[in-house]
Amino acid sequence: MPSLSVRGVSYDYDNCPAIKSVDLDLHSGTLTALVGPNGAGKSTLLHLIQGCLRANQGTIESNGSIALMPQRASIDWSFPITVTQMVELGRLRTRNRGQQLSAQQLLNQVGLNGLGARRLDRLSGGQQQRVLLARALMQQTSILLLDEPCSAIDPPTREHLLTVMRQQAESGQTLLVSSHDWGSALDSYDRVVVLDGTVLACGTPDEVRQNLTDMTCMMGSHCCG
Ligand SMILES: Nc1ncnc2c1ncn2[C@@H]1O[C@H](COP(=O)(O)OP(=O)(O)OP(=O)(O)O)[C@@H](O)[C@H]1O
């Protein structure tokens, strides 16, 4: 049984369709890439799954709690709090009353050790993104949605974050990660969903590449890897 099941989901912004008839299953302990060009509906789909948008049509069912790491641009970074305080905000949303994670532990995990006392607005863009990831990890949900977590991240740190995501999947968490990566970068994922308003392809990285040989044209210069 999938840990998340999306069936026939459509969403319009003021009668302007963003996604249409999307079907998607995610299984426990898997790392899935959600790729597509600008405006394909990736963020919209993630917000629908998280529940802050409500689908016009279709159903979304999950068997556990869901956290969303938003895009960096959606946050007011001038808010006068420290890195540790920002990560601690994730604790307010956690429903897991079992093992308590420390902000320090999570900052180490995302490679930000030593920066806990710094103010948020004194971080680089890539460091801010890693704070958002640590805050999302603090929530200890069964499903984790990440909206372009690597968009401002340098290649070595990107590899590190993919390792963190892989470890989370191995511990049983279900991850859906929106990305503009393409080509060999997709091999880091178990499965790939290609979205452009609707799901164009879904499968292992090899299956998706084979089924959509002309996809690189559609993806154009948005993509790397
Ligand atoms: N708040 C909004 N109001 C109106 N239209 C919106 C809003 N947010 C997104 N849209 C539109 O919905 C469509 C899907 O946008 P969305 O942000 O989900 O795409 P995306 O795949 O995440 O894009 P990107 O890769 O650029 O982040 C686009 O046509 C966009 O213009």
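Using only Cα atoms, what Kirkwood radius does region 79-138 have, in angstroms?
Final number for the Kirkwood radius of region 79-138 is 11.3 Å.
Can you pull the Rg over Rh of region 128-168, Cα-only, Kirkwood?
0.93
Relative to the longest principal axis of the C-alpha atoms of the chain, give the angle of the C-alpha long axis of helix 83-92, reported between 0 and 90° and rounded to the nearest 10°.
60 degrees
Hey, can you grab everything whose amide H is under 5 Å from the amide H of Arg118? Only 5+ residues off in sequence or another chain; H modelled, so Pro and N-termini drop out.
Val83, Thr84
For Arg7, project a label point 7 Å along Cα to C-beta. Then give me every residue of region 33-54 with its amide nitrogen under 16 Å of that point.
No residues fall inside that zone.
Ignoring any ligand, DNA or RNA, what whole percent of the accessible area of the chain comes from carbon and sulfur when the probe is 1.4 angstrom?
On the chain, the fraction of accessible area on carbon and sulfur atoms equals 47 percent.
Set the Förster distance to 30 Å, then compute FRET efficiency between Cys52 and Ala117 from the Cβ-Cβ distance, nearest 0.05.
0.45
By how many nm would the segment from Asp154 to Ser65 lengthen if fully extended, with 0.36 nm per residue of separation less the alpha-carbon distance?
29.0 nm
In terms of the ratio Rg/(2.2 N^0.38 Å) built on C-alpha atoms, what value belongs to region 39-154?
1.09
When the dipole is taken about the Cα centre of the chain, and only Lys, Arg (+1) and Asp, Glu (-1) are charged at their Cβ, what size is it in debye, to the nearest 20?
Computed charge dipole of the chain: roughly 880 debye.
In degrees, nearest 10, range 0 to 90: what is the angle between the Cα axis of helix 155-170 and the longest Cα principal axis of the chain?
The two axes meet at around 80 degrees.
By how many degrees, 0 to 90 and rounded to 10, does the Cα axis of helix 125-138 deviate from the longest principal axis of the chain?
That helix lies at roughly 90 degrees to the long axis.
Run the Debye formula on the Cα coordinates of the chain, all scatterers equal and no solvent, and tell me log10 I(q)/I(0) at q = 0.10, 0.18 1/Å.
Values, matching the q order: -0.44, -1.40.
Provide the gained length on full extension for the span Ser28 to Ser102, in nm with one decimal, where the gain is 0.36 nm per separating residue minus the Cα-Cα distance.
That pair, Ser28 and Ser102, stretches by 24.2 nm at full extension.
The values are calculated or read from the model by the stated rules, or taken from the named source; none is laboratory data. Note that the structure is a prediction, hence the values are computed from the model and not measured. So basically every Cβ, Gly included, is an ideal-geometry build from the backbone, and we count neighbours across all protein chains shown. SASA here: full protein model, heavy atoms, side chains in, ligands and nucleic acids out. Shrake-Rupley method; radii C 1.70, N 1.55, O 1.52, S 1.80 Å.
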